[in-house]
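Down below is the structure, laid out as C-alpha cells.
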Amino acid sequence: MQHLKVWFGKSPTEKVSFTVLPDASLLLLVLLGALNQLSKNLACEWAKDNIRTNCIAPGITRTPLVESMMNEAAEAYTAAAIPMGRIGEPEDVASLAVFLCLPAASYITGQVICVDGGKTVTS
C-alpha cells in the first residue's frame, strides 16, 4: 500500500507530518465522479444518434448485502438520516429505470438521478 506524506510548517526545520492512506470510500467517490461525468459526456456525444444516456445513483437500498450488514438499530439510525425516513427498496430504483426507458422520458439525457429518499439534498 502506498503512503502519501504531507508536511506542514513555517520553516524546513519546523515540520508536522502525517500519512494519508488510500481509503476505499475515497476510491468509491472518485469512481462515482467518473461515472457521472461519463454519463454526461456520452449524452452529448450520442444525442445526434438519438441515444439517451443517464445515470441512476441509488442511495442505501435494501438488498441481501445491506440486510446482512445491518441490524434493526443500524437500520433505524440510517433511516433517521434520510428525509423520507426509510431505506430504499429495489423497486424504487427499478421504477426509475423503467421510466427512463419509456417515451415519456425521451427528452431526458445526461442526467444523474439520485434515488435516495432526499439524502443528497441534506448532505
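Bear in mind these aren't lab numbers, they're just calculated from the coordinates by the rules spelled out. Note that the structure is predicted; figures quoted are calculated from it, not measured. Neighbour counts run over all protein chains shown; Cβ positions are idealised from the backbone, glycine included.
For the stretch 16-123, chymotrypsin sites (Phe, Trp or Tyr not before Pro) meeting the loop criterion (DSSP other than H, G, I, E, B) and having at most 10 other Cβ atoms within 10 Å: Y107.
What would the Debye formula give as log10 I(q)/I(0) at q = 0.22, 0.23, 0.24 Å⁻¹ for the alpha-carbon point model of the stretch 19-123, no solvent? The Cα Debye sum returns log10 ratios of -1.22, -1.26, -1.29. Subtracting the Cα-Cα distance of S68 and V112 from their residue separation scaled by 0.36 nm leaves 13.0 nm. FRET efficiency for the Q37 to R86 pair, using the beta carbon distance and R₀ = 30 Å, is estimated at 0.50. Only Cα pairs under 8 Å and 6+ residues apart enter the sum, and on that basis the relative contact order of the stretch 77-123 stands at 50 percent. Distant-in-sequence amide contacts of Q111, defined by a placed amide H-H separation under 5 Å and a gap of 5 or more residues or a different chain, comprise C55.
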